[in-house]
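Below is one structure, written out as structure tokens, with a few remarks after it.
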Amino acid sequence: MSTTSTEPHLRRALSSRHIQLIAIGGAIGTGLFMGSGKTISVAGPSVIFVYMIIGFMLFFVMRAMGELLLSNTEYKNFSDFAGDILGPWAAFFTGWTYWFCWVVTGIADVVAIAHYVAFWWPDLPLWVPALACILLLLALNLPTVRAFGETEFWFALIKIVAIVALIVVGLVMIITGFEHDGARASFSNLWEHGGMFPTGFMGFVAGFQIAVFAFVGIELVGTTAAETKDPEKNLPRAVNSIPIRILIFYVGALIVLMAVEPWTAFSADASPFVGMFALAGLVGAAGVVNFVVLTSATSSANSGIYSTSRMIYGLSQEGDAPKRFGKLSGRGVPRNALLFSCMFLLAGVVLLYAEGSVSEAFTLVTTISALCFMFVWTIILLSYVVYRRRRPQLHAASKFKMPGGTFMPYVVMAFFAFILWALTTQSDTLTALLFTPLWFVGLGIGYLVLRRNPEHARIRAAHDAKVAEEKADRDGRERETVSAP
């Protein structure tokens with residue numbers, strides 16, 4: 001959207017420090033604080049390689065996304081370039097699926113937040129903190145995009161401080177030879193209790209199906225493209241820092257945890273962070289970690305509200321969502337889209353009083369969410385593959401080229417196929433795997449209805465004409481190359 005227009009427009013108000021911390025916050029999920037105990041208990045020390053492999057693969061997804069976003073600074077997010085490169089169907093499926101991912105995750109976060117608050121006020125009705133959280137998120141996002149950036153900056157900073165504190169405390173315990181229940185803190189604990197792969201290959205595989213949930217949201221920085229100051233500088237910096245973030249915050253923390261205590265001492269039902277600080281004698285360790293996890297869940301819900309509102313806004317601009325969601329407030333915030341997404345979070349309040357096992361419901365919804373995130377990551381890679389074939393001149397001119405761009409997209413997509421297989425090895429995740437196609441069936445029906453719209457027919461025709469024009473240009477350049485002496 002032109003910045004010279006008198007209409008309100010998305011404003012580039014997110015600075016470098018905002019983007020850096022949003023990227024870090026997206027890479028560090030609540031799963032690291034609460035889910036790593038389960039991951040360690042099923043995979044043992046091999047979980048270190050699990051997180052390294054997932055982080056390595058997703059780095060290439062981020063690099064592909066970065067090159068595509070910077071190839072055209074008019075792109076607001078990855079739904080935009082998917083529609084431009086793959087076709088209008090891709091924008092529709094990607095945008096609405098990403099919205100669904102974050103709404104499902106946000107509902108789970110609201111439920112989790114209510115229970116975390118109950119740690120301090122057990123007699124408080126659960127619906128009170130849940131509703132208060134939704135209203136707070138709305139209040140933080142309605143004023144300006146800068147308010148969102150500031151909130152995420154401090155939320156991410158809390159997570160960073162907690163992890164760095166854990167690593168420092170753990171290293172002190174290792175250096176001083178701390179002992180507990182006859183076990184001495186030492187790096188040798190990583191291989192002295194059954195080796196690095198104590199639960200065998202299938203235990204290693206089980207680690208992937210749990211750990212992948214911790215990485216959802218890593219692509220969040222891609223939804224900030226239209227509101228980032230100097231995107232040519234700030235987006236590459238955020239993406240390139242992913243490997244070091246993974247090594248420090250995931251691998252570093254897990255190595256320290258399993259060096260202080262043998263992996264056999266970890267429980268799937270307890271947070272390793274609570275255990276570590278409790279061993280170190282920190283007064284109120286459970287309360288401190290509960291506060292960190294509370295802010296982490298709030299950060300996740302906040303990110304979800306932001307990204308879904310921008311995605312719905314983008315869909316509306318392209319005719320894939322009602323026009324009223326494409327309107328901006330005087331401060332450049334998609335207010336209607338924001339209210340629409342917040343409305344769905346109220347389902348979390350209802351879920352608080354649902355019968356049956358909440359943990360089973362959580363496993364179901366988080367697995368479905370992770371599968372949908374993998375779909376979005378795959379669309380990003382497919383967009384890159386087609387971009388390289390159809391627009392070689394843009395790739396040649398890019399200052400932020402994806403490394404291994406001719407083969408790594410296929411390697412990463414093969415890895416995603418491996419994750420899908422891993423999800424079939426456990427009954428609870430298999431159930432989610434079977435339910436997920438229902439979402440895409442529903443989307444497919446919605447798209448068939450949308451195709452009947454004359455305006456959408458014009459968009460498809462314009463895309464087909466653009467593809468034909470690019471093909472003619474490419475063929476012309478190839479003929480010139482062949483005929484050149």
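The values are calculated or read from the model by the stated rules, or taken from the named source; none is laboratory data. Values in this document were obtained by computation on a predicted structure and should not be read as measured data. As a convention, Cβ positions derive from the backbone with ideal geometry for all residues, glycine included, and neighbour counts pool all protein chains shown. Just the protein is used for accessible areas: all its heavy atoms, side chains included, with ligands, DNA and RNA removed. Shrake-Rupley method; radii C 1.70, N 1.55, O 1.52, S 1.80 Å.
For the reader, a short list of remarks on this structure follows.
- Residue check for THR97: within 15 Å of ALA321 (Cβ to Cβ) and either polar (S, T, N, Q) or at pLDDT below 90 (or both): yes
- Candidate set: segment 314-346, residues that are within 23 Å of the chain's Cα centre (by Cα) and either surrounded by fewer than 16 Cβ atoms within 10 Å (Cβ to Cβ) or β-branched (Val, Ile, Thr) (or both); chosen: the one modelled with the lowest pLDDT: VAL333
- Answer residue from segment 48-69, given it is crowded, with 21+ Cβ neighbours inside 10 Å and farther than 16 Å from PRO409 by Cα and is modelled with the highest pLDDT among those: VAL50
- Of the criteria (1) farther than 22 Å from SER271 by Cβ; (2) open to solvent by less than 50 Å² (accessible area, probe 1.4 Å); (3) aromatic (Phe, Trp, Tyr), which one PHE201 fails: (2)
- Test: residue in segment 131-142 that is among the aliphatic types (A, V, I, L, M), within 21 Å of the chain's Cα centre (by Cα) and surrounded by fewer than 19 Cβ atoms within 10 Å (Cβ to Cβ): yes
- Under the condition of being modelled with pLDDT of 90 or more and either hydroxyl-bearing (Ser, Thr, Tyr) or in contact with a strand residue (DSSP E or B) (Cβ under 9 Å, 6 or more places away or on another chain) (or both), the residues counted in segment 29-47 number 1.
- Any chance ILE248 is aliphatic (A, V, I, L, M), open to solvent by 20 Å² or more (accessible area, probe 1.4 Å) and either touching an Asp or Glu at 6+ places or on another chain (Cβ under 9 Å) or on the phi < 0 side of the Ramachandran plot (or both): yes
- Only one of the listed residues (SER303, SER271, SER267, SER299) is modelled with pLDDT under 80, of a type in the set (Gly, Ala, Ser) and under 19 Å from the mean Cα position of the chain (by Cα). That residue is SER303.
- Listed by position, the helices (runs of 4 or more DSSP H) inside segment 357-446 whose residues that are modelled with pLDDT under 85 number at least 2 are 358-390, 427-435.
- Among the candidates ALA301, ALA268, ALA206, ALA214, residue that is of a type in the set (A, V, I, L, M, F, W, C), outside any helix (DSSP H, G or I) and in contact (Cβ under 8 Å) with a residue 60 or more places away in the chain: ALA268
- Verdict on GLY275 being part of a helix (DSSP H, G or I), open to solvent by less than 10 Å² (accessible area, probe 1.4 Å) and either farther than 27 Å from VAL117 by Cβ or not acidic (Asp, Glu) (or both): no
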